[in-house]
1. On C-alpha positions alone, give me the angle between the axis of helix 148-160 and the longest principal axis of the chain, in degrees, nearest 10.
2. Could you compute the FRET efficiency for S39 and K253, with r as their C-beta to C-beta distance and R0 at 56 Å, rounded to 0.05?
3. Just from its helices, what would the mean residue ellipticity at 222 nm be for the chain, if runs of 4 or more DSSP H residues each count -39500 (n - 2.57) and the sum is divided by every residue, rounded to the nearest 500 deg cm²/dmol?
4. Before anything else, pin down the relative contact order of the stretch 53-191: Cα pairs under 8 Å, at least 6 apart, normalised by residue count, whole percent.
5. Helix 322-332 against the longest principal axis of the chain: what's the angle in degrees, Cα atoms only, rounded to the nearest 10?
6. Using R₀ = 35 Å, calculate the FRET efficiency as 1/(1 + (r/R₀)^6) where r is the Cβ-Cβ separation of S158 and I16; round to 0.05.
7. Can you sort C107, C145, C115 by how many other beta carbons sit within 10 Å, fewest first?
8. Between helix 186-195 and the chain, what is the angle of the helix's C-alpha long axis to the longest principal axis, kept within 0 to 90° and rounded to the nearest 10?
Amino acid sequence: MAYVIKGQWGLNAEGIFQEDPWFIADSEIKDRGFGNPPSGFKVRDAGEGVILPGLVNAHAHMELSHLKNNDSGKKGVHGFALDLMREPVKPFSTILKHAQMEMEYACSRGTFFFCDISNNPEFILSLNQMKGFSGIQFYELLGFCSPADQNRIAMANSLMSMRSNPGSRLIDQIYVTPHSLYGSSPDIMLYVLSKNSKLASIHALEDTGEIDLFSGKGNTYEFLKSIQQYYPHPELANENFFSCLEKTFRDIKKLLLVHLVSADDRFFQQIESRLSQSAMVLCHRSNVFLGYQRTNWKNMANSTLPLLIGTDSAASSPDLSTLDEIISLIGEDQIPASRLWQGATYAAYDYLEIHQNKIPFYRFPGTTPDISTFRNASAENILKNF
């Protein structure tokens, strides 16, 4: 039998807090609003505090959770990448244990949906079965030239030909995706687009060196040369970063552009007009850890593209909680708080096509619309006690 749950504060679809939220529920939320609820239902009081819709982490590398508390951030993204490459292989059980711990913490803070990025097919299969995981999984093909790129493609073929355990989701619901223009070869790009026309997630303009890559200069170029992963592209020597991005992804339905630390006003204008199916993903705490000073806050705030929230990894961020990411971003006072809340909820639902009847709603006891009250709050599913 359906009933009404009434609360003290709620978040509307514009990312603004309102008083007196109500929810019509049975085993799930059927309808919701603010003010006086519809009559004819038994009313139950959720108690004081803010009720938030479940938060979305639009970019997370759970596979790296066991590397938490490392100090590689002082070395920049390339030093960080080198440290990851040199890290001794951990037992797979350790990797899973730490991923589970980080996911559970994020869930205790209201994150219910993750766009997880992994380089490891075994991890993908295990995460797909992990208790509490809800979201999209990307198998990231990292490798700019042979043999790394061909090995990744072979593993992807093997993964995509398999099926998960009976009763769970099929492997064909996992998306193959490149790492970036600089970290994935032309062969990988062609392979990805042959297997995936719907949704891709790509690291973009993390570093100014990416812009100079195809002209054979800059720190990204030097880094790839140092690890024997630079692949020359004379046909792209006169192209800019955006034209390469457009040629590669113009036919894909949706494209998550992650980081964009070095994107300028012209880049945003081009994306908005010629790759308008894209969304921006902010991973602020990870960028700070890696020593980036973002100067394009205003461009991002003014862009017409959807703005979503990610955390990157527990190796470069304190945790995988979208709520903690929002707290950090609001502290920067660069993007309206309402847009950040919206980006973690309704904008993400729309962009990632998350059915809103499946969204959990959480009460955070003792909280108000003042963001400082959320710092130590835990999420309670409002259906739990009813």
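1. 40
2. Values: r = 43 Å, r/R0 = 0.76.
Here the calculated transfer efficiency is 0.85.
3. On the way: 13 runs with 125 residues, N = 386.
The helix contribution divided over the chain gives -9500 deg cm²/dmol.
4. Values: 179 pairs, mean separation 32.7, N = 139.
For the stretch 53-191, the relative contact order is 24 percent.
5. 80
6. On the way: r = 47 Å, r/R0 = 1.36.
Computed FRET efficiency for S158 and I16: 0.15.
7. On the way: C107 21, C145 17, C115 24.
With the sparsest Cβ surroundings first, the list reads C145, C107, C115.
8. So the helix axis and the longest Cα principal axis differ by about 40 degrees.
Throughout, read-outs are computed from the coordinates displayed, never taken from laboratory work. Remember, predicted model here, so these are calculated numbers, not experimental data. Note that we place each Cβ from the backbone using ideal geometry, even for glycine, and neighbour counts take in every protein chain shown.
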